Amino acid sequence: MPLADLLFTMLNRRGITLSLELRNYMKIAHPGMEISKPGYLKQRMKLNPLAFYELYRHHNRNFYTESGFSTFQGYLVLAADGSGINIPTTRETLEEFGTSSRKGTKPQASIGLGCLYDVMNRMILESDCCKCKFDEMRLAEEQIDRVCETIGASQPFLVVMDRGYPSTAAFIRMMEKGILFLVRLKSSDYKKEQSALSGPDGWVDIFLDKSRINHYKGTDIGQRMEELGSITLRMVKVPLKEEREEILITNLPSETFDRFQIAELYQMRWGIETAYETLKDRLQIENFTGTKPVLLLQDIYSTIYISNLAEDIIRDAEAELDEKEKHRKHKMMINRTLSIGILKNDLIYILLERDEEKQDRLFHQIYEPFKFFNPIFSAIL
């Protein structure tokens, strides 16, 4: 089975048994021919999973070279977060990725998936598959360092993170690179500084005493912390239900982002939770075609690629619908589940059609916004 067919079979996955997936694909792509499941999986073992990672990054670069993507005060709003992906439990997967189960219970192999997500444009910009227990903050830093390759060096961005991420060392590294961040604090983080906060929004000095440096003793960042002595960051109180509140820490400038905008930005972080839900529920990322680690990674990265294609199409459809329906009092919404279903069902016909005129007609018949993707599909072909 050639490379193009290998890629297409994976993009065409619908969550049924692999034997049926192959049968349906061969009926469409190569009528009269068959391929055995063992033969197919043997060929899949030769495919580098990062092929799909490179494809979706290529797609994303195309997306951000066009105007029209959404920003907040001119900044892309990126969220960093991780999630566990349950995978088939075998001796090999347990050794490779570890278990998410508690001690004394039946082991469940799991991959730690860390993503950097554009919440306003609903695009997964970076993703890494790690052991189920991994350093989320360190991974986020690595992904932030790579993201300019996708969005361009001149596009400003800020990163929003939840309360599992606060790290003085990471804050220093990001500040020295000019990266803007907004992070939710636990009650135990910077306890003294939180209790001393007099108003709802203020800049505080965080002194880097021995207790904060000891963990990094003998490292470059430990030496840098000793040199600095202190850092200054902004703490913002955000009200919650039942008269509770949370405290966010940030280096976002007060003159550009007031505390109400800070609260709005943090609420946007929920978009990455929705993205993980889409991957798991609508795109069935945990429905794997094999048990070997290389096959699992192929399935994960190809699903992320499909997710970005679907979101891009939906965004384009929403823009066209908004233009057509702007006279209406209430905004109409695109049915996301149906849109993803259309993509998964009909994408293969577009990919396999080599005649450009016929391909264009298919775009019109299936979904008008698909026209936007001709350059991307050409790259795959």
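When a/c is below 1.5 the answer is rounded, else prolate if a/b is larger than b/c, else oblate, so apply that to segment 83-205 with a ≥ b ≥ c taken from the square roots of the Cα gyration tensor eigenvalues. Oblate, since a/c reaches 1.5 and b/c is not below a/b. If you place +1 on the Cβ of every Lys and Arg, -1 on the Cβ of every Asp and Glu, and leave all else neutral, what size is the dipole of segment 1-94 about its Cα centre, to the nearest 20 Debye? My answer is approximately 340 debye.
Computed over protein heavy atoms with a 1.4 Å probe, the carbon and sulfur contribution to the accessible area of the chain reaches 50%. Other residues whose C-beta falls under 13 angstrom from the C-beta of Phe260 contribute a net charge of -1, scoring Lys and Arg +1 and Asp and Glu -1.
Each residue of segment 177-191 was assigned a 3J(HN,Hα) from its phi angle through the Karplus expression (A = 6.51, B = -1.76, C = 1.60, θ = phi - 60°), giving 8, x, 8, 8, 9, 9, 9, 7, 9, 7, 5, 8, 7, 6, 4 Hz with x at Gly and Pro. Solvent-accessible surface of the chain, taken per residue with a 1.4 Å probe and all protein chains present: 50 Å². Taking a straight line from the alpha carbon of Lys358, these aspartates and glutamates sit under 19 Å away, with near neighbours fewer than eight places off in the same chain left out: Asp346, Glu368. A simple rule links phi to the HN-Hα coupling: the Karplus curve 6.51 cos²θ - 1.76 cosθ + 1.60 with θ = phi - 60°, which for segment 34-42 gives 10, 9, 7, 4, x, x, 5, 5, 4 Hz, with x for Gly and Pro.
Look at the dipole of the chain built from charges on Cβ: of Pro88, Gly32, Gly104, the Cα furthest out on the positive end belongs to Gly104.
The amide H of Ser101, built 1.01 Å from its N in the peptide plane, has Gln108 as neighbours under 5 Å, considering only residues 5 or more places off or on other chains. Magnitude of the charge dipole for segment 151-249, about its Cα centre and with charges confined to Cβ atoms of Lys, Arg (+1) and Asp, Glu (-1), is about 200 debye. Each of (1) 20.8; (2) 23.1; (3) 22.2 is a candidate for Kirkwood radius over Cα pairs in Å; the one calculated from this structure is (2). In a simple Cβ point-charge model (Lys, Arg +1; Asp, Glu -1; nothing else charged), the chain has a dipole of about 1200 debye relative to its Cα centre. Computed from backbone phi, the HN-Hα couplings of segment 148-157 come to 5, 4, 8, 8, x, 5, 8, 7, x, 8 Hz, rounded to whole numbers (Karplus: 6.51 cos²θ - 1.76 cosθ + 1.60, θ = phi - 60°; Gly and Pro given as x). In this structure, the pairs whose alpha-carbon distance is over 19 Å, taken from Lys27/Lys292; Lys280/Lys344; Lys192/Lys217; Lys103/Lys131; Lys37/Lys344, are Lys27/Lys292; Lys192/Lys217; Lys37/Lys344. The trypsin sites (Lys or Arg not before Pro) of segment 106-211 meeting both criteria, a DSSP state outside H, G, I, E and B (loop) and at most 16 other C-beta atoms within 10 angstrom of the site's C-beta, are Lys133, Arg163, Lys177, Lys186. Look at the dipole of the chain built from charges on Cβ: of Val159, Ala275, Leu180, the Cα furthest out on the positive end belongs to Ala275.
The values are calculated or read from the model by the stated rules, or taken from the named source; none is laboratory data. Keep in mind that this is a model prediction, so the values were computed, not measured. Cβ sites come from the backbone with ideal geometry, for glycine too, and all protein chains shown count toward neighbours. Heads up: the accessible areas ignore ligands, DNA and RNA and are worked out on the full protein's heavy atoms, side chains in. Shrake-Rupley method; radii C 1.70, N 1.55, O 1.52, S 1.80 Å.
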